[in-house]
Structure formats: structure tokens, C-alpha cells
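Beneath this line is the structure, given in C-alpha cells, with notes to follow.
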Amino acid sequence: MPLRPDRAILRLRDKTLTVVSHIRTTLAGNAANLRQVARVMVGTVAAFATYRMLGLHEGYWSVFTVLIVMQASIGGTLTAATDRLLGTLIGAVLGGLGAALQRTTTIEVGLVLVIVTGLAALVAAIRPRLRVAPVTAAIMLLSAPPGAPVQDFVRDRIIEIGIGGVIGVLAAMLVFPARSHAVVIARTATVLRQIARMLAEQARALEAGAPLPSSPDHVALRQALGNVEAAMKDADRERATRLADHQIPASVPRTLWRVRNDLVLIGRALDEVLPPVALAALATPAAAMLDAHAALATRCAVALSAGTSVDRMDASACYRKFGAALDLFRTSDAAATLDFEASGRVFGLAFAAGRLHRDMIDLAGRVDDIAPGKVLAAKPA
């Protein structure tokens, strides 16, 4: 039976609204990526127009440079542009010196290429941030036009790459500028949520009286912490160049690493099931303590994004209850029945729990230090 016209219109409207809602959700979830796309597109067009207006013969180096240096934040772009320019300068000088020898046979060019790239690779090995130097040296040596003045060729390449670096930084500053402060906040919040999930998994293992299953979370956590440190360096560079300021204490990444080490210690204690007498006395308060600190990590992540202070009373109360249960167990007859290895795991767990509580409270204090300042909205990194 054919649909009535009004029903067909309503169904079409509903489908249209569903599609529009899906598009909005997709765009909102990829807002940071789309802003980066816009910055790259604007920078690429600007570099292309600039080198064509200046009449540079190999101005595509400017475009390549923009594509290479554009990062997720102003500080990251500035760092990449600086490294690219320094690496290019060294590579261009070495490549130019090789080209100045004007070798023509295949063997002669090959020997010069090996020597030039070897020297540039040594520089990159000593200073990894200059890793573009060997590439530039090889390109300069192999692409130098026969008979062209070497000094002019080297000068033009440096100018073209310098133009690309400047345009990349300007695009990052002017087109949907992303301050490294927001990137640090977002990446730190991501780390805290990973920590909360791992603490909750450890609590579930205690409650179930089962060994803690192996997990790739520790590898992912190390990578995420490295991302926080990289973003922090970019934020510091922005502040040093007066492009932006931030209120994030330098101790935040260090404290996160300490918490990660605490997780490792707890995981080692829970690799095997604790003795039955220890589980009966400590499993419930220890799991509650871990859950409370997982909740504290989540509250720290939320407070970072919102610019508020952190409530840590639940974590402190649960830790005190765990400490009281541990003291009772330590003086009980059941504790005396444990062998050396079992005692080491039980009291190793207690030691790690004490470190975890101290470090999480310290981290909450660092989040409180950020709260009174100007906290930018965190954007996905």
C-alpha cells in the first residue's frame, strides 16, 4: 500500500534529521583534526602563492616545509620549524660543499655522497632533532644543476625552506590557533583516565581472588606519558618565545610517572593470588582503596578540563581503612603463618599502596595549582 504524502514527508524529514545529526556528531568528534586540516590547507596555499610571486625556481621546498612542520599546536609547529631550519642549514652547507667539488663520474659522485651524508648523519646522531640534515645534504648534492653557482643554489634552498617555516608558524598562530596548554591538559586527562581504568582492573582482581591478567595497558600508558612530556616542552617553548603562557607545573609529568611506577609495583604484588588468609583480611579494604584512587584519578581529569579543584577525601578515608586493616593483619596469628615469599607480596602491596596514595594526593595538589589560573578548554590531541 503506497504511503500517504504526509507520511512520506515525515519519513523523509526523520531520515534527513538522522543524517544531519550523524554529520554533526562526526564533525564535533573530529573538530581538532578538522582545524588541523584547515591550518595545513591555508599554509600550503600561502607557501605556493609566496614562492610563485617571488619567482623561486624550486619553491616547492616551501610547500614541503609547511607540510613537515605543521603540528597540533603552536609550540609544536615552532619546534618543528626551528629544527627543520637548523637541519636544513647544516645539510645545505654540507651538500653545497660536496656539489662545489664538481665531480662528474659515478664513482666520484658516490664517494662524495657517502662522505657528505655520513657527516650529516653524525650530526643527526649527536642531535636527533637535526635528523633532516642527511636528507637535505643528499638532495642538495644530487639535485644541484650542472654549472650553476653553488652558493646561489644553497642560498635559494635556505630561503625557500625558511619561507615555509615562517608560513607554517604563522598559519598555526592565525588559523584556529591551538595553544600547547590545551594539548597538555587533554593528554594529561587521557593519562589519568588510563590510570583510573588500570586501578579498577587491579581492584577487580583482588575482589575476585584471581591473579591480575596481563595487559598491554602499561605500554600504552608509557606512550601517553611521552606524549604529555612532548606537549609540555612545546608549551614551555611557547612561553619562552612569548607566544603564550601556561600555568601547568613542571612537576605534573614527573608525578604521573611516579603513579605509573606505583601501578607497576601493585601489579607485581597481584601477579599471583594472595594467600587465603591475606585475601580474607585485606581484599575488601584494598579493593575499596584502589577503587577510591581510580575515582580520584577520574576527578583529577575532570578538574583539569573544568579548571576546578579536586575532592580527595574519599581516597584518604579508604586508605586509612586499608591501613587499619593491614595493622590488624600484621599483628594477627594468620600473618605469622605466611612464608617469606607470601609475606613479601603482601607487604609489597602495602608499600605500593602507600606510595600510590602519596603520589595521587600530590597530583591532586598539582591540579589544584592549575585551577586558579586561566585554564583553557581542553581539546582532543
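The values are calculated or read from the model by the stated rules, or taken from the named source; none is laboratory data. Values in this document were obtained by computation on a predicted structure and should not be read as measured data. Here Cβ is always computed from backbone atoms with ideal geometry, including for glycine, and neighbour counts include all displayed protein chains. Heads up: the accessible areas ignore ligands, DNA and RNA and are worked out on the full protein's heavy atoms, side chains in. Shrake-Rupley method; radii C 1.70, N 1.55, O 1.52, S 1.80 Å.
Quick check, is Arg157 basic (Lys, Arg), touching a residue at least 60 places away in the same chain (Cβ under 8 Å) and closer than 22 Å to Ala32 by Cα?
When the stated conditions are applied, Arg157 does not pass them.
Could you say which residue among Ala317, Ala303 is part of a helix (DSSP H, G or I), on the phi < 0 side of the Ramachandran plot, surrounded by fewer than 23 Cβ atoms within 10 Å (Cβ to Cβ) and touching a Ser or Thr at 6+ places or on another chain (Cβ under 7 Å)?
Matching residue, one of Ala317, Ala303: Ala303.
Considering only residues of the range 170-189 that are in a helix (DSSP H, G or I) and open to solvent by 20 Å² or more (accessible area, probe 1.4 Å), which is nearest to Val69 (Cα to Cα)?
Looking at residues that are in a helix (DSSP H, G or I) and open to solvent by 20 Å² or more (accessible area, probe 1.4 Å), I get Leu170.
Taking the condition of being more than 14 Å from Leu349 (Cα to Cα), open to solvent by less than 40 Å² (accessible area, probe 1.4 Å) and either under 26 Å from the mean Cα position of the chain (by Cα) or β-branched (Val, Ile, Thr) (or both), how many residues in the range 261-294 meet it?
Selection size over the range 261-294: 2.
Identify all residues within the range 110-126 that are farther than 16 Å from Leu97 by Cα and open to solvent by 50 Å² or more (accessible area, probe 1.4 Å); write none if there are none.
Answer for the range 110-126, where residues must be farther than 16 Å from Leu97 by Cα and open to solvent by 50 Å² or more (accessible area, probe 1.4 Å): Leu122, Ala125, Ile126.
Residue check: is Arg131 open to solvent by 70 Å² or more (accessible area, probe 1.4 Å), closer than 29 Å to Val184 by Cα and modelled with pLDDT under 85? Steps first, please.
Details: open to solvent by 70 Å² or more (accessible area, probe 1.4 Å): yes; closer than 29 Å to Val184 by Cα: yes; modelled with pLDDT under 85: yes.
Considered against the rule, which asks whether it is open to solvent by 70 Å² or more (accessible area, probe 1.4 Å), closer than 29 Å to Val184 by Cα and modelled with pLDDT under 85, Arg131 comes out as yes.
Taking the conditions exactly as written (open to solvent by less than 30 Å² (accessible area, probe 1.4 Å) and within 25 Å of the chain's Cα centre (by Cα)), does Gly96 satisfy them or not?
no
When the range 98-125 is examined, which residues are found to be touching a Leu at 6+ places or on another chain (Cβ under 9 Å) and not β-branched (Val, Ile, Thr)?
The answer is Gly98, Ala99, Arg103, Glu108, Leu113, Leu119, Ala120, Ala124.
Looking for whichever is more than 23 Å from Ala283 (Cβ to Cβ), open to solvent by less than 30 Å² (accessible area, probe 1.4 Å) and at pLDDT 90 or above here; the options are Leu349, Leu326, Leu363. Which one fits?
Every option except Leu363 fails the conditions.
Please find, among Thr77, Thr50, the residue that is hydroxyl-bearing (Ser, Thr, Tyr) and at pLDDT 85 or above.
Details: Thr77 fails: at pLDDT 85 or above.
Unique residue meeting the criteria: Thr50.
Look through Phe322, Phe329 and report the one residue that is of a type outside the set (Val, Ile, Thr), touching a residue at least 12 places away in the same chain (Cβ under 8 Å), over 19 Å from Ala196 (Cα atoms) and assigned to a helix (DSSP H, G or I). It would help to see each step written out before you state the result.
Working: Phe322 fails: over 19 Å from Ala196 (Cα atoms).
None of the others qualify; the one that does is Phe329.
Identify all residues within the range 139-157 that are part of a helix (DSSP H, G or I) and surrounded by 19 or more Cβ atoms within 10 Å (Cβ to Cβ); write none if there are none.
Let us first name the residues in the range 139-157 that are part of a helix (DSSP H, G or I), namely 139-143, 150-157.
Within the range 139-157, Met140, Leu141, Phe153, Val154, Arg157 qualify.
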